[in-house]
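First comes the structure, then the notes that go with it.
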Amino acid sequence: MIRRLMDYIRLVLFVSGVLIGIQVPGFVDQYGQRLEAHQLEAKLSLAEFQRDADRFFAGDISKLIRHYQQNNDPVFSAGGESIESLYQRYTSLTQALGRFHQHSYSPYQQIILAPQKDIQLEAWQAYSYVILLKPHAIAIGLLFGLLVSMLCELILSILYMGCRRVLTPR
């Protein structure tokens with residue numbers, strides 16, 4: 001009876017691990033979509049200023065920013081800081097998006113090592129659970145399920161052996 005119960009527990013742990021593991025590619029996918037959306041939004045916010053830079057500074061937006069910042073009018077000077085902030089955000093998101101699409105494993109690497117913190121937090125807060133039926137998602141889910149069930153079984157075995165030693169008379 002206990003053996004059968006352990007088999008069911010092992011099965012539940014494996015399935016739970018698969019369901020949890022398969023969420024990883026789903027989260028990475030949603031993070032990537034948000035990263036692309038924010039990059040596009042930053043590009044659209046900067047578009048009018050880029051047109052001015054194209055018209056007056058041969059497309060060099062940094063010259064436009066310096067022109068605004070060097071103006072004696074404090075409103076124009078502050079406007080230059082705002083444009084620079086928009087430009088830095090666009091540049092940062094474009095670089096992050098480039099790194100995200102670099103390799104098949106780079107999205108996972110970016111999420112773990114160097115995510116865009118605000119976008120990662122936004123993705124966590126608005127995450128909707130999904131089950132991606134893509135080969136890599138299934139593989140990650142199965143691997144995670146196997147690891148979770150093996151780890152839990154190892155912990156339970158250690159606890160069982162410890163209890164057995166304590167309860168067995170010498």
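The values are calculated or read from the model by the stated rules, or taken from the named source; none is laboratory data. Only a predicted model underlies this, so the values are computations on that prediction, with no experimental measurement involved. Glycine also receives a Cβ, built like all others from the backbone with ideal geometry; neighbour counts cover every protein chain displayed. Only protein heavy atoms, including side chains, enter the accessible area calculation; ligands, DNA and RNA are left aside. Shrake-Rupley method; radii C 1.70, N 1.55, O 1.52, S 1.80 Å.
Here are a few things to note about the model shown:
- Those lysines that a straight Cα-Cα span of less than 26 Å connects to K63, excepting residues fewer than 8 apart in one chain: K43
- Eligible aspartates and glutamates near K134 by straight Cα distance, threshold 19 Å, same-chain separation 8 or greater: D29
- Residue (of G145, I61, F49) at the positive-pole extreme of the chain, dipole from beta-carbon charges: G145
- Inter-label distance, E36 to T168: 5.9 nm, where each label sits 7 Å from its Cα along the C-beta direction.
- Against the empirical 2.2 N^0.38 Å (N residues), the stretch 1-138 has a Cα radius of gyration ratio of 1.59.
- Spin-label zone in the stretch 117-132 - amide nitrogen under 20 Å from a point set 7 Å from the Cα of S45 along the C-beta vector: 117-126
- Length-normalised contact order for the stretch 68-169 - Cα pairs under 8 Å, 6+ apart - percent: 9 percent
- Förster radius 35 Å - calculated FRET efficiency between S85 and Q109 (Cβ-Cβ, nearest 0.05): 0.80
- At an R0 of 30 angstrom, the distance between the Cβ atoms of I138 and T94 translates into a FRET efficiency of 0.40.
- Heavy-atom accessible area order for I9, I119, I131, largest first, 1.4 Å probe: I131, I9, I119
- When T91, T168 are compared by accessible area at a 1.4 angstrom probe, the order from most to least is T168, T91.
- The mean sequence separation of alpha-carbon pairs under 8 Å and at least six residues apart, normalised by the residue count of the stretch 1-104, gives a relative contact order of 24 percent.
- Total charge dipole magnitude, the stretch 1-155, about the Cα centre, Cβ charges on Lys, Arg, Asp, Glu only, Debye to nearest 20: 600 debye
- Sparse-neighbourhood loop sites, chymotrypsin sites (Phe, Trp or Tyr not before Pro) in the stretch 87-170 - DSSP loop, at most 16 other Cβ within 10 angstrom: Y105, Y127, Y129
- At least 30 Å along the helix axis (C-alpha) and Kyte average at least 1.6, DSSP helices within the chain: 135-167
- For the stretch 90-136: rounded, prolate or oblate by the Cα gyration tensor [a/c cutoff 1.5]: oblate
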